[in-house]
Each structure stands twice: as C-alpha cells, then as structure tokens.
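The values are calculated or read from the model by the stated rules, or taken from the named source; none is laboratory data. On a predicted model such as this, the values are computed, not experimentally measured, just so you know. Virtual Cβ from ideal backbone geometry, glycine too; neighbours counted across all protein chains shown.
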C-alpha cells in the first residue's frame, strides 16, 4: 500500500549519506524516503543508482525485477520478455483514457503532455542538475511553509 512520507531530519541525514555514495541529490532523497517508508523494492532505470546504492532496499531496474519476481515462470533472459512497442502502449493508453475520461478530457490531456519533454531522466537532470540533498530539502521545506 502506498505511503506518504513526511520530509524529516532523519530522511535528510540518510539522503546526505547516500549522496556521499555518488547518488545525486533528488535520487538520494527518493531512496531515503523509500527506506523510511519501509518499501520492499525501489525500481529505477538509472543504472548508476542500481550500482551505487548500498542500503536496506532491493534496488533493481524493472527488467531485472521482472526476472527475479516472475514467480514460478521465472524469466531467464530478456529475449523471453514480450516488450510491447511504444505505439501499442500509446494506443492502449489512449483507449483506456477515452473509456474512463471521455474524448474531450483525453484530447486535452494529450495536448498538454505532448507540449513537454517526456524523458523523465532528462527532465530530472534539467530541474535538479547537481543540486545537493540539503539544497533540495530546504527548497521543499520553503515551498511547504508558503
């Protein structure tokens, strides 16, 4: 079940330690929050985090996670995973949105989404660049106080 974690000093302190392992500020805060929430897993497409993180979480990229936790039908190689093409995913998502929200809301949502860059790692890099944990956590706390 999802859990909301309040940014507290202990999380910031954990994040600073993670940052010293070579994990960037926002990623360190995400990991520290996941630790505080007692998450079982932390999935990321950032291989630097997977390699550098040394802590209590099971940190994996989604493909490796699927290999490990597929259950009785353990997946042995990536070639056994049917990864849908991006176009198939887009069509399915649009159909689901139309079904749940209607055509007008779906069209409005799509219009807004395609205005923005959609590569999360690039967006994250542009926003947070080399900001340190303490700088990010102070920014968060300032925003909450307004």
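Here are the numbers for this structure:
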quantity	calculated
Filtered residues of region 128-143 (kept if in contact (Cβ under 8 Å) with a residue 60 or more places away in the chain and either assigned to a helix (DSSP H, G or I) or out of contact with any helix residue (DSSP H, G or I) (no Cβ under 8 Å at 6 or more places or on another chain) (or both))	128, 133, 134, 135, 136, 137, 140, 141
Some residue of region 108-116 being part of a helix (DSSP H, G or I), in contact with a helix residue (DSSP H, G or I) (Cβ under 6 Å, 6 or more places away or on another chain) and modelled with pLDDT of 80 or more	no
Residue among 72, 54 that is exposed (fewer than 12 other Cβ atoms within 10 Å of the Cβ) and at pLDDT below 80	72
Meets criteria (in contact with a helix residue (DSSP H, G or I) (Cβ under 7 Å, 6 or more places away or on another chain), closer than 22 Å to residue 22 by Cα and modelled with pLDDT under 80) for residue 124	yes
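Residue-by-condition table, conditions (1) out of contact with any helix residue (DSSP H, G or I) (no Cβ under 9 Å at 6 or more places or on another chain); (2) at pLDDT 95 or above; (3) surrounded by fewer than 15 Cβ atoms within 10 Å (Cβ to Cβ):
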| position | (1), (2), (3) |
| --- | --- |
| 1 | yes, no, yes |
| 22 | no, no, yes |
| 38 | yes, no, yes |
| 46 | no, no, no |
